[in-house]
There are 2 protein chains.
Amino acid sequence: MAAERDPEGRAAARPLLTDLYQATMALGYWRAGRARDHAEFELFFRRCPFGGAFALAAGLRDCVRFLHAFRLRDADVQFLASVLPPDTDPAFFEHLRALDCSGVTVRALPEGSLAFPGVPLLQVSGPLLVVQLLETPLLCLVSYASLVATNAARLRLIAGPDKRLLEMGLRRAQGPDGGLTASTYSYLGGFDSSSNVLAGQLRGVPVAGTLAHSFITSFSGSEVPPDPVLAPAAGEGPGVDLAASVKEWLERVCAHLGLGVQEPHPGERAAFLAYALAFPRAFHGLLDSYSVWRSGLPNFLAVALALGELGYRPMGVRLDSGDLLQLAQEVRTVFRATAAHFQVPWLESVPIAVSNNIDEEELARLAQEGSEVNVIGIGTSVVTCPQQPSLGCVYKLVSVGGQPRMKMTEDPEKQTLPGSKAAFRLLGYDGSLLLDLLQLAEEPPPQAGQELRVWPQGAQEPHTVRPAQLCEPLPSLAESRAFAQLSLSRLSPEHKRLQSPALYQVALSERLRALVDCLRGGGPL
Amino acid sequence: MAAERDPEGRAAARPLLTDLYQATMALGYWRAGRARDHAEFELFFRRCPFGGAFALAAGLRDCVRFLHAFRLRDADVQFLASVLPPDTDPAFFEHLRALDCSGVTVRALPEGSLAFPGVPLLQVSGPLLVVQLLETPLLCLVSYASLVATNAARLRLIAGPDKRLLEMGLRRAQGPDGGLTASTYSYLGGFDSSSNVLAGQLRGVPVAGTLAHSFITSFSGSEVPPDPVLAPAAGEGPGVDLAASVKEWLERVCAHLGLGVQEPHPGERAAFLAYALAFPRAFHGLLDSYSVWRSGLPNFLAVALALGELGYRPMGVRLDSGDLLQLAQEVRTVFRATAAHFQVPWLESVPIAVSNNIDEEELARLAQEGSEVNVIGIGTSVVTCPQQPSLGCVYKLVSVGGQPRMKMTEDPEKQTLPGSKAAFRLLGYDGSLLLDLLQLAEEPPPQAGQELRVWPQGAQEPHTVRPAQLCEPLPSLAESRAFAQLSLSRLSPEHKRLQSPALYQVALSERLRALVDCLRGGGPL
């Protein structure tokens, strides 16, 4: 995998990509003399998406880029001045002009980690004014990335390890950047490749793609054909007129399939021939522009067999309408019969790709035992996450000036856990997940092999566990992807169920639990 | 409204923001000597989103920007060379290097127009290779913009004309650009403002926002207070110690409400005071950080009344949890009673804003007759379009070299209408919508007052209509928004129903219908 390279960065991820209230609060903090108070926020989600029992953390690489580049330009400050009160002290804007993230510390789950409700994906600490301003952009960069990575991981779980999964949802995404994010993080979540060329160029995601119906229907068959002479694959021997060879093969194929030689559409065949001449080593047939059985398949076979004589092997066929599973089985049957008839064994195993609004249910059907489908293209269902289009991450203040802070709303689900915290993932002796432990930052870390008393979220009594633990550095996208697959392998079969109650436990340490009780008891600290 | 200004453009909307198969097809066209064949594509959707009877066209301004800037840079061409066959003719890459959109013509529905299934939002014609390459970026730029504009229009229909609607979904969008697109086009669809500062800076969308819970909870009440002296609003007379005045008002308010003066949270009050000092003309209270009744409301009233004595009027309050409608009614009751008690009539009508995962159903509740809610903040539900996160636009080839092209798949819904077409929106004598007419480009346009025979989509018999018609130039975002509201006013009550069969008719001219029959009859042209 190529390294990631995004020299221009993303113009849209700028400091003003934020909610206005971050700027008004910044002025409020500054006016109150609190701009430099040391504060800490946690970014987390409250429920696993899609009714499942896990999420994958993602988006951190975009956050790191954003934080490194964070600087308000003159035009940004001028725009803020135009929407803040006209009598705002100019010294505030001078303060903004000098801001950067050099005083900000971010601790994070590595990309591709399993993530669970309430356990911070990011812990962001630094001057109150700055870490407040970061809320919206960090939520924006983490939430969708994690959601689409999780969605891709679910689709991979359904597809199993052997099917090739192609993400092709750029046209269904929320604009250019939604598409780039979707392609990057669906690859992280377990897809094999993307149709999105920019994701290949900027992020090193493997790209794939062949041809669309418009290419086929753009040919009528009456066009002046291109130079049809093709050299053999091995490079030795004279070139062959591929057009003439296709014509001969068409007659043999039609006779074999019991079709009239005039039935297959000449425009479709001209398109296949043109594509084969441009891509002799990567010929691909889209079979359903007119009729799979009477046109697409015989035309494909004629071109593939003509290429085959020259030593080239076709890369595959694609079906984009109808009952995809049934069609794939029938196409494979024809491939086998034709391979036997013409004694060309390679034809049996030509990959069959399918696409057409494939969702989780249809994917399960296509991945069932005995399916002849090899490659599955998914667009809308991976990119838009239709079952739950938002992860609903939040970014909550947990301490200021070293003092814990807690939101004590009347809605219990919206209460926060106070204090600067450390999170540990505890593993059992067999490497399985035990639970995630949240404790106060100043508590000593848990030790492998030592018994611990912890309070599972929502429990009324403490539990006892005896764990081992784990930590990873920030990896490349390819490494994150490998790490995501490794992370997923730790899930028990129950956790992998796609509709699942929150099985995995998140627990509080005794002291954190005591702090919560104390703050709930009332009054300020 | 400020003009739009996006000097940097959007780095992500570049020529390589496309599916790889566009590039492979480009090579195929080029190799077949067809790169410069004149072709026309249509971009349209097949079904109205969200089960309704209309969509709003949007995204055109982004398409125009993209087309103007379309140029493959050296690095782009090098990347394509790295993913295409190594023996590709270098002349192909020279061809790519020289490409621009100077030969491309786009006809489009103006932004903010009503759009109906099968009627092109864009008609794109030009050299086959280029207009093929444009497929994915144009779909990406139009589909989500139109979807979110339509979603916003539905939410506006539910809210009625008087509620102020604030879009605040940046953190729930598909990354930076998804957020920018959402803010821009939800404004177009009828929202009043956005929290997204960048949408204000780059697109001229009115921005709004005040403060979050973190601002409140960041104060404990023990902070060293800022300089609390505030001059009167009119600018005349001595300054007043606002902190002292708030303290006095707190006692009076608590006595009036029957609360102990120690009950309201001192940190929350300190936060309100700090905000009031920073924004005396725009003071806003977020009421539910601790307890609306025992803390948020009395603290707000104390600060608001202290400001009021100096001639300042608070801008509003916000509720972010609980039963928002019920709370708003009760808060309004307290405002009225307190206004009467202290003889401050302005307090009665302080705007009440609400937020917290508001969807269509909850919005209808909040907008019901007698509701005391004035401002409604919506994030996830407008930005992610959870009822249908993708519009499913397609981009289909309709002619090459002046010859009509048609996709004749076995799936009837995926069949296309052939030929370069003109679309007309026919209005009745009362200005109401009659139908959209699709005809071949070379047919004479329909004339107002003249009877026409047309074939409604799917009908077996022609109908007769007698219309008048309409056309608009490309307007600014603000004008598009006004135009969208005007467009929506043309919908009949039946069309405005949010769950609706496709009531609006799209009809074919006699000649277009005949061409379809001819091509369906079989064989190439």
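Key figures for this structure:
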| read-out | value |
| --- | --- |
| Residues located in the range B:309-365, provided they are at positive phi and either within 32 Å of the chain's Cα centre (by Cα) or assigned to a helix (DSSP H, G or I) (or both) | B:GLY316, B:GLY322, B:ASN356, B:ASN357 |
| Residues of the range A:231-262 classified as surrounded by fewer than 17 Cβ atoms within 10 Å (Cβ to Cβ), in a loop (DSSP other than H, G, I, E, B) and in contact (Cβ under 8 Å) with a residue 24 or more places away in the chain, total | 4 |
| Test: residue in the range A:147-159 that is within 10 Å of chain B (Cβ to nearest Cβ), buried (at least 24 other Cβ atoms within 10 Å of the Cβ) and outside any loop (DSSP other than H, G, I, E, B) | yes |
| Subset of the range B:457-479 [under 19 Å from B:VAL516 (Cα atoms) and modelled with pLDDT under 85] | B:GLN457, B:GLY458, B:ALA459, B:GLN460 |
| Yes/no for A:THR210 being buried (at least 23 other Cβ atoms within 10 Å of the Cβ), within 8 Å of another protein chain (Cβ to nearest Cβ) and touching a Gly at 6+ places or on another chain (Cβ under 7 Å) | no |
| Leading residue by the ranking (surrounded by the most Cβ atoms within 10 Å (Cβ to Cβ)) among those in the range B:47-105 that are in contact with a helix residue (DSSP H, G or I) (Cβ under 7 Å, 6 or more places away or on another chain) and of a type in the set (Val, Ile, Thr) | B:VAL77 |
| Meets criteria (more than 30 Å from B:GLY33 (Cβ to Cβ), under 29 Å from the mean Cα position of the chain (by Cα), within 14 Å of chain A (Cβ to nearest Cβ) and buried (at least 20 other Cβ atoms within 10 Å of the Cβ)) for B:VAL382 | yes |
| Residues (among the basic types (Lys, Arg), assigned to a strand (DSSP E or B) and either touching a Leu at 6+ places or on another chain (Cβ under 7 Å) or under 30 Å from B:ALA145 (Cβ atoms) (or both)) located in the range A:375-427 | A:LYS421, A:ARG425 |
| Pair list, Cβ under 7 Å, 6 or more apart: the range A:12-32 residue more than 7 Å from chain B (Cβ to nearest Cβ), other residue polar (S, T, N, Q) and in a helix (DSSP H, G or I) | A:GLN22/A:GLN132; A:GLN22/A:THR136; A:ALA26/A:GLN132; A:TYR29/A:GLN132 |
| Test for A:LEU109: is it in contact with a Leu (Cβ under 6 Å, 6 or more places away or on another chain), at pLDDT below 95 and either within 12 Å of chain B (Cβ to nearest Cβ) or closer than 20 Å to A:LEU139 by Cα (or both) | yes |
| Some residue of the range B:188-201 being free of Cβ contacts under 8 Å to residues at least 60 places away in the same chain, buried (at least 24 other Cβ atoms within 10 Å of the Cβ) and assigned to a loop (DSSP other than H, G, I, E, B) | no |
| Any hit, the range A:286-307, residues being over 23 Å from A:MET168 (Cβ atoms), within 33 Å of the chain's Cα centre (by Cα) and in a helix (DSSP H, G or I) | no |
| Residue ID - farthest from the other protein chains (Cβ to nearest Cβ), chosen from residues in the range B:67-93 that are part of a helix (DSSP H, G or I) and β-branched (Val, Ile, Thr) | B:VAL77 |
| Residue match in the range B:242-262 (condition: under 19 Å from B:MET315 (Cα atoms) and among the charged types (D, E, K, R)) | no |
| In the range B:89-143, the residues that are free of Cβ contacts under 8 Å to residues at least 24 places away in the same chain and of a type in the set (Lys, Arg) | B:ARG107 |
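The values are calculated or read from the model by the stated rules, or taken from the named source; none is laboratory data. Just so we're clear, the structure is a prediction, and the values are computed from it rather than from any experiment. As a convention, Cβ positions derive from the backbone with ideal geometry for all residues, glycine included, and neighbour counts pool all protein chains shown.
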